[in-house]
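The values are calculated or read from the model by the stated rules, or taken from the named source; none is laboratory data. All figures in this text were calculated on a predicted structure; none of them were measured in a lab. We place every Cβ from the backbone using ideal geometry, glycine too, and count neighbours over all the protein chains shown. Note: accessible area is taken over every heavy atom of the protein model, side chains too, but ligands, DNA and RNA are not part of it. Shrake-Rupley method; radii C 1.70, N 1.55, O 1.52, S 1.80 Å.
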Amino acid sequence: MFLLSFFIVNCSTATSYSKPENAKATKQWGVVEVKETVKSMSHSLSVYYKTELKGGYFEWRPLQNSTSEHIDTKLITNEILNQLTKEKVPFVDTTIREDATKEMAFGKTGMVSSDSRLAVGKFKSPSHQIKGEINEVVNYESGNKIQYITVTLFLVSLETNQIVWSEQTNFLKKSRVEGYGF
């Protein structure tokens, strides 16, 4: 019984938290890469929106992961979206149009009170789409894995199909690979 309680106590105290800003680089894609990507991309896009576009609505397209690593691209997208929203860059989510349309139609049946009925004709259309890719080149040299990773975002005008902004964040990671090259 004593051994079991000792094991449970020791296992439960093995977890700790630290600030994401204090994260250190790891062999896999991690906090350092996410935070640096979010910081550079959201700042650059916010400046472009406020100085060049000065209007319109953005919509996200899924970020493509073309690397050999598992990367949660939704995490990156959500963090950039969150930061840009804080900086007053407007977004629309066209994936909910069908649900909203059904709710508006239901509101017209008379079964919804007039003070909470959704108004027709207020949807916003995106003027631009954000899309992007994560790519890599990997080499092995003298027992080291050398990984060059690029995260590229594009802002495309839906009216003209022109890429009006792009930004890239790059990482060069070198990590020891045990049992390789010896």
Would you tally the residues in region 61-115 being closer than 30 Å to Thr37 by Cα and of a type in the set (Phe, Trp, Tyr)? 1
Cβ-Cβ under 7 Å, sequence separation 6+ or interchain: first residue in region 124-152 and closer than 23 Å to Val32 by Cβ, partner basic (Lys, Arg) and at pLDDT 95 or above. Which pairs? none
Being open to solvent by 80 Å² or more (accessible area, probe 1.4 Å) and among the polar types (S, T, N, Q) is the filter; apply it to region 60-81 and report the residue that is modelled with the lowest pLDDT. Ser68
Show the residue pairs meeting these rules: Cβ distance below 9 Å; 6+ apart or different chains; first residue within region 81-110 and within 20 Å of Ser127 (Cβ to Cβ); second residue of a type outside the set (Ser, Thr, Tyr) and surrounded by fewer than 11 Cβ atoms within 10 Å (Cβ to Cβ). Pro90/Gly55
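Sort through Ser114, Ser66 and tell me the only one that's within 27 Å of Ser40 (Cβ to Cβ) and polar (S, T, N, Q). Break it down into steps so the answer makes sense when it comes.
Numbers: Ser114 fails: within 27 Å of Ser40 (Cβ to Cβ).
Sole residue among the options that is within 27 Å of Ser40 (Cβ to Cβ) and polar (S, T, N, Q): Ser66.
Quick one: which of Gln64, Gln129 is in contact with an Asp or Glu (Cβ under 8 Å, 6 or more places away or on another chain) and within 16 Å of Gln168 (Cβ to Cβ)? Steps first, please.
Numbers: Gln129 fails: within 16 Å of Gln168 (Cβ to Cβ).
Being in contact with an Asp or Glu (Cβ under 8 Å, 6 or more places away or on another chain) and within 16 Å of Gln168 (Cβ to Cβ) holds for just one of Gln64, Gln129, which is Gln64.
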